[in-house]
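The values are calculated or read from the model by the stated rules, or taken from the named source; none is laboratory data. All values derive from a computational prediction rather than experimental measurement. Every residue, glycine among them, receives a Cβ derived from its backbone with ideal geometry; neighbour counts consider all protein chains shown.
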Amino acid sequence: MIDRMSCGLMPAKPHTVLRDAEGNLLYEEMLTRGGFSGAFSYLYHRYPTTAAVEVTESKRGHAIAAEDPRGRTPLKRRLYDTRKLPPAGMPFECRIPLLFNKDLTIYFACPAHTDDVYFSNGDGDELWFIEEGSARIESMCGWLPVTAGDYVWIPRSLIHRWHIDAASGGPLRMMCFEAHGGAMIPNDFRNPIGQLKMDAPYTHRDFVRPEGPIASLAKNGGVQDGPKELIVKKAGKFTRLLLERPPMDVVGWEGFVYPWAFAISKYQAKTGLVHLPPTIHSTFAGPGFLVCSFVPRITDTHPQAIPCPYPHSSVDCDEVILYVKGNFTSRRGVGPGAISLHPAGIAHGPHPGAYEGSIGSTRTDEVAVMVDTYLPLSPTVQAVNLEDTGYHDSWRSPAPSGAKS
């Protein structure tokens, strides 16, 4: 929720009559947050809210997160290689759960095909990061173009579908944070009227909004063609609704709740005299978690600074990092598509040699996405199947030259 946006047709005052040129009544719908006390948007439909011809349990949908005890015991640093996942399926059903707790579920997806149904996630906001590929997201708010390096926010219960851009040269590869309590801009980035502060790490201009509205009042129908089938996820279950008509008949809307994209390259990194804590990379937040962005930047400016992150024992947070590109100075043996899990309770930090090796460096070129969670994350069987089992031992110091192994 960035700021107010409006497009298309709407009455001068909410909850009042709006008609087309032929005198046909248009229909208002409210998309609300926090009951009726949070952010909201008004949607104006050509037709009454689409009725369902059939409502059944769905045999389609993605895997639901389930703990695999092998993924958490013993307690150690873990690494998952998403490059083992072949492109297949559609975004709404091919995403696989890797890690989860009651606040957050982390998925990875490598879809190869456009969604052939609409999807609505009633279990939380979806905050995606596009590692590779490009697409357009179709929703009642319009068309949203997204590409590699973008964060993409899709609000809870918004009807939408992904259209993969085949011309991009490959399928999508993307990570999803399903935020059960919502994902949002940290409160301390805003001033009292909601405007992003001048010292926030991004501006209102950095966010891409949907191009809409999705429908029009053209005599030929003016409604975006599409499937009549809608899959709704709620409480980890999937319901199939066959609708009377495609739901994309919104001719105007106004409010704060709509999907958006934000390029990680537009994140304004902060630098200090000496190494600052990872909270300076804060980007988005929700109950129980914080998402951080690591982008190319100038390192610390003190002549004796050690730019590499200091080893630390975090007793409160699990740390997950998706490595995107660049030279990861604090890690060796990781590359694009690797996801690390460093659980609370054991120290974590740079690999042996990286700490002292960073002395004198002036820049870093890494791109990575991190999430810290207060509650422990449970790895799934899908995560266990992607694990690099030797990752924890990579912290062992190399044997001295000439020493016997």
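Given the condition in contact with a Cys (Cβ under 7 Å, 6 or more places away or on another chain), within 27 Å of D150 (Cβ to Cβ) and touching a residue at least 12 places away in the same chain (Cβ under 8 Å), answer yes or no: does some residue in the stretch 319-329 qualify?
So far as the stretch 319-329 goes, yes, one or more of its residues are in contact with a Cys (Cβ under 7 Å, 6 or more places away or on another chain), within 27 Å of D150 (Cβ to Cβ) and touching a residue at least 12 places away in the same chain (Cβ under 8 Å).
Would you confirm whether any residue within the stretch 285-298 is over 26 Å from M174 (Cα atoms) and either touching a residue at least 60 places away in the same chain (Cβ under 8 Å) or not aromatic (F, W, Y) (or both)?
We begin by selecting, within the stretch 285-298, every residue over 26 Å from M174 (Cα atoms); these are 298.
If we keep only those that are either touching a residue at least 60 places away in the same chain (Cβ under 8 Å) or not aromatic (F, W, Y) (or both) too, we end up with 298.
Taking every residue of the stretch 285-298 in turn, at least one turns out to be over 26 Å from M174 (Cα atoms) and either touching a residue at least 60 places away in the same chain (Cβ under 8 Å) or not aromatic (F, W, Y) (or both).
Here is a check on your reading of the model: is H392 surrounded by 14 or more Cβ atoms within 10 Å (Cβ to Cβ) and either on the phi > 0 side of the Ramachandran plot or modelled with pLDDT of 90 or more (or both)?
No: the conditions fail for H392.
For the stretch 94-103, does any single residue satisfy the condition of being assigned to a helix (DSSP H, G or I), touching a residue at least 40 places away in the same chain (Cβ under 8 Å) and closer than 23 Å to G236 by Cβ?
Going residue by residue through the stretch 94-103, those that are assigned to a helix (DSSP H, G or I) are 94.
Now narrow it down to the ones that are touching a residue at least 40 places away in the same chain (Cβ under 8 Å): none.
For the stretch 94-103, residues assigned to a helix (DSSP H, G or I), touching a residue at least 40 places away in the same chain (Cβ under 8 Å) and closer than 23 Å to G236 by Cβ: absent.
Among V334, V295, which is the only one that is of a type in the set (V, I, T), within 29 Å of L98 (Cα to Cα) and touching a helix residue (DSSP H, G or I) at 6+ places or on another chain (Cβ under 8 Å)?
Exactly one of V334, V295 is of a type in the set (V, I, T), within 29 Å of L98 (Cα to Cα) and touching a helix residue (DSSP H, G or I) at 6+ places or on another chain (Cβ under 8 Å), namely V295.
Which one of these does Y118 not meet: (1) within 22 Å of A338 (Cα to Cα); (2) surrounded by 22 or more Cβ atoms within 10 Å (Cβ to Cβ)?
Failed condition: (1).
Per-residue answers, yes or no, for (1) part of a strand (DSSP E or B); (2) under 30 Å from W395 (Cβ atoms); (3) touching a residue at least 24 places away in the same chain (Cβ under 8 Å):
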residue	(1), (2), (3)
F36	no, no, no
Y42	yes, no, yes
T50	no, no, yes
E54	yes, no, yes
I64	no, no, yes
P87	no, no, yes
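Test T73 against the criterion of being farther than 22 Å from T283 by Cβ, surrounded by fewer than 21 Cβ atoms within 10 Å (Cβ to Cβ), among the β-branched types (V, I, T) and touching a His at 6+ places or on another chain (Cβ under 6 Å), and give yes or no.
Against the criterion (farther than 22 Å from T283 by Cβ, surrounded by fewer than 21 Cβ atoms within 10 Å (Cβ to Cβ), among the β-branched types (V, I, T) and touching a His at 6+ places or on another chain (Cβ under 6 Å)), T73 does not qualify.
Can you name the residue in the stretch 348-380 that is closer than 13 Å to I106 by Cα and touching a Lys or Arg at 6+ places or on another chain (Cβ under 8 Å) and is also surrounded by the most Cβ atoms within 10 Å (Cβ to Cβ) among such residues?
Restricting to residues being closer than 13 Å to I106 by Cα and touching a Lys or Arg at 6+ places or on another chain (Cβ under 8 Å), the top hit is P379.
Residues of the stretch 179-203 being touching a Lys or Arg at 6+ places or on another chain (Cβ under 9 Å) and in a strand (DSSP E or B), which ones?
A179, R190, L196
Return the only residue of P296, P303, P277 being closer than 23 Å to P352 by Cα, in contact with a strand residue (DSSP E or B) (Cβ under 7 Å, 6 or more places away or on another chain) and surrounded by fewer than 18 Cβ atoms within 10 Å (Cβ to Cβ).
P296
Could you please tell me which pairs satisfy a Cβ distance under 7 Å, a separation of 6+ or placement on different chains, a first residue in the stretch 10-25 that is surrounded by fewer than 10 Cβ atoms within 10 Å (Cβ to Cβ), and a second residue that is in a strand (DSSP E or B)?
Hits for this filter: H15/E28; V17/L25.
Between I137, I185, I154, which is among the aliphatic types (A, V, I, L, M), more than 23 Å from L230 (Cβ to Cβ) and under 14 Å from the mean Cα position of the chain (by Cα)?
Exactly one of I137, I185, I154 is among the aliphatic types (A, V, I, L, M), more than 23 Å from L230 (Cβ to Cβ) and under 14 Å from the mean Cα position of the chain (by Cα), namely I185.
Take the stretch 42-76 and flag every residue that is at pLDDT 95 or above, over 19 Å from D123 (Cα atoms) and among the hydroxyl-bearing types (S, T, Y).
Residues satisfying the conditions are Y42, Y44.
Contact list please: Cβ distance under 7 Å, first residue in the stretch 379-403 and part of a loop (DSSP other than H, G, I, E, B), second residue at pLDDT 90 or above, pairs at least six apart or on different chains.
Listed by first residue and then by second, the contacts come to D388/L79; D388/D81; Y391/R77; Y391/R78; Y391/L79.
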